[in-house]
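What follows is one structure encoded as structure tokens, with my remarks underneath.
The values are calculated or read from the model by the stated rules, or taken from the named source; none is laboratory data. The model shown is predicted, which means the values in this text are computed figures rather than measured ones. Note that we place each Cβ from the backbone using ideal geometry, even for glycine, and neighbour counts take in every protein chain shown.
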Amino acid sequence: MSINIPEDLRKLIEEVTMNKLSSIKGKTETLSFVNSVIEELRKRGGVNLSDDLEAMVRPYIVDILWSLRKKGTITMDDDLLHFSPSKQES
Amino acid sequence: MSSLEIDLRRKDRYEDIIRSISEYGSSVKEAVFENLPDELMVPYQRVRELYIQETTRSKGRIDVNSLIQLYMNVPKTEELLRYLLLTTVLFMGFRNLRNEVIYRVIRRNYDMISHLISRPEYSLINDVSMKLLNDYEGEGIKGEDIQEVSNAVHGFVYGLRKLTKAYGTTLLRWIPKFRDMNDFEKALTMFYPPRANERRKRAIRTFIRWVSHETNLPVALGIISRGGGHRRYTMIADVYSTMVTIRSGAFLALNNDHAMKILNKILVNKDGGGVTIKVDEVKGGLVRAVGRLSNDPITYERGGAFRIGHEYCSRLKCSECPLNKVCMKFTWVNIK
């Protein structure tokens, strides 16, 4: 079909997202979190994020967050603009 | 840019968006009916008149058999159905498909087409395909393949011969017998070249849409009379209908997890440039679900997909768009 996120970039995004998440304590603004993941991806050499690709990567980060929400790792605020890590157990 | 006040408790607001899309859909005519050859325009109008006259007389109830009898008395109704069927079969013959070009080309070549329609002979396939292809490419579209065109025409001839010779019936007698949309969709595959892909589904569903709705050509009476069986129509959900459903915020009426996830993606990327949402990601869960919620997916699709999406939304002509007042204007969302 159209452009897709390459598999290795996908893995890298997941890794960076999880890393960033582990350093988060309280309530976080989702937008700035997504921005920080994008920034980190840019910092790491070898990732060339074109505008088109970035437009795919941004929602993918939100996808990851939603899969974590499903697992109970994070909770989303009702306004959908913030999230917070749940108390980790299980 | 106006601020987005999203208040998910106000479901009515999002239902209003859906309603506006459907209303617009019922106010416009399918482009194919505006492009019929003169000879077929008469049966098209006459069948519609008969339908309205008979359903008004019997207070909305349809006596399928007697209505079909009336349709049969209208000259060229069978030809009209075959013409519409061939048009959608041709959707599979061109890679760079432009529906409106197909409508023009088939109409311009009606003399030749009318022979094929009334006498579907294999020997006509080559000439017809060649003529249609030349004409299609004459409109400035390149990269087409004669094999594909002739496969499509072959599919049509094969299906029509099977229908008339093996089954001993006609489209006008055969179509109204179906009471179930899925059965109808399966049975129609015999007219289309055998290939399991999206394009084929799309072509078949377009034909279903044309004959299963009272605002088009109401011939699939078994489906229509079954308490609005046309509501079970599965939308094609292409780029345009997806674009309108998402950008307008119509999907928010669903208020489920899937819708919230998509909304979240949209919201957090508002200032970060664009955000791309893939058709496949939302097609079934959101777009078709909203179509079903509208109670009439056929008019929803016609309004949303083929007019608003194509003419306003993809060109960002918000100020002229009929949805302007109710739309959430998530214009930074791209659909791929």
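Taken over the stretch B:263-287, the criterion of being more than 7 Å from chain A (Cβ to nearest Cβ) and touching an Asp or Glu at 6+ places or on another chain (Cβ under 8 Å) is satisfied by B:Val279 alone. For the stretch A:1-28, the set of residues classified as of a type outside the set (A, V, I, L, M, F, W, C), away from every other protein chain (no Cβ under 14 Å) and not in a helix (DSSP H, G or I) consists of A:Pro6, A:Ser23, A:Lys25, A:Gly26, A:Lys27, listed by residue number.
Can you go through B:Arg46, B:Arg82 and tell me which one is surrounded by fewer than 20 Cβ atoms within 10 Å (Cβ to Cβ), in a helix (DSSP H, G or I), modelled with pLDDT of 95 or more and in the same structural domain as B:Arg161 (by TED's automatic domain parsing)? Break it down stepwise before answering.
Numbers: B:Arg82 fails: surrounded by fewer than 20 Cβ atoms within 10 Å (Cβ to Cβ).
Sole residue among the options that is surrounded by fewer than 20 Cβ atoms within 10 Å (Cβ to Cβ), in a helix (DSSP H, G or I), modelled with pLDDT of 95 or more and in the same structural domain as B:Arg161 (by TED's automatic domain parsing): B:Arg46.
Specify the residue that is farthest from the chain's Cα centre (by Cα); the eligible residues are those in the stretch B:294-336 that are hydroxyl-bearing (Ser, Thr, Tyr) and under 18 Å from B:Asp16 (Cα atoms). Working first, answer last.
Step one: filter the stretch B:294-336 for residues hydroxyl-bearing (Ser, Thr, Tyr), giving B:294, B:299-300, B:312, B:314, B:319, B:331.
Imposing the further condition that a residue be under 18 Å from B:Asp16 (Cα atoms) reduces the set to B:294, B:299-300.
Details: B:Ser294: 16, B:Thr299: 9, B:Tyr300: 10 Å.
Selected residue: B:Ser294.
For the stretch B:230-238, does any single residue satisfy the condition of being in contact (Cβ under 8 Å) with a residue 24 or more places away in the chain, touching a strand residue (DSSP E or B) at 6+ places or on another chain (Cβ under 9 Å) and within 14 Å of another protein chain (Cβ to nearest Cβ)?
The first filter runs over the stretch B:230-238 and keeps only residues in contact (Cβ under 8 Å) with a residue 24 or more places away in the chain, leaving B:230-238.
Adding the requirement that they be touching a strand residue (DSSP E or B) at 6+ places or on another chain (Cβ under 9 Å) leaves none.
Checked against the condition, which is being in contact (Cβ under 8 Å) with a residue 24 or more places away in the chain, touching a strand residue (DSSP E or B) at 6+ places or on another chain (Cβ under 9 Å) and within 14 Å of another protein chain (Cβ to nearest Cβ), the stretch B:230-238 yields no hits at all.
Within the stretch A:56-72, being facing chain B (nearest Cβ under 10 Å) and either under 16 Å from B:Met260 (Cα atoms) or within 10 Å of the chain's Cα centre (by Cα) (or both) holds for A:Val57, A:Arg58, A:Pro59, A:Tyr60, A:Ile61, A:Val62, A:Asp63, A:Leu65, A:Trp66, A:Ser67, A:Arg69, A:Lys70. Take the conditions (1) more than 19 Å from B:Tyr14 (Cα to Cα); (2) away from every other protein chain (no Cβ under 14 Å); (3) touching a residue at least 12 places away in the same chain (Cβ under 8 Å); B:Thr245 misses just one of them, which is (1). Of the candidates A:Leu80, A:Leu31, A:Leu53, A:Leu49, the single residue that is surrounded by fewer than 20 Cβ atoms within 10 Å (Cβ to Cβ), within 8 Å of chain B (Cβ to nearest Cβ) and either over 13 Å from the mean Cα position of the chain (by Cα) or in a loop (DSSP other than H, G, I, E, B) (or both) is A:Leu80.
Quick check: anything in the stretch A:6-18 over 11 Å from the mean Cα position of the chain (by Cα) and crowded, with 17+ Cβ neighbours inside 10 Å? It would help to see each step written out before you state the result.
Step one: filter the stretch A:6-18 for residues over 11 Å from the mean Cα position of the chain (by Cα), giving A:6-9, A:11.
Next, from what is left, pick out any that are crowded, with 17+ Cβ neighbours inside 10 Å: A:9.
Yes, there is a match, as at least one residue in the stretch A:6-18 is over 11 Å from the mean Cα position of the chain (by Cα) and crowded, with 17+ Cβ neighbours inside 10 Å.
Among the candidates B:Ile106, B:Ile141, B:Ile117, which residue alone is modelled with pLDDT under 95 and either in contact with a Phe, Trp or Tyr (Cβ under 8 Å, 6 or more places away or on another chain) or part of a loop (DSSP other than H, G, I, E, B) (or both)? It is B:Ile141.
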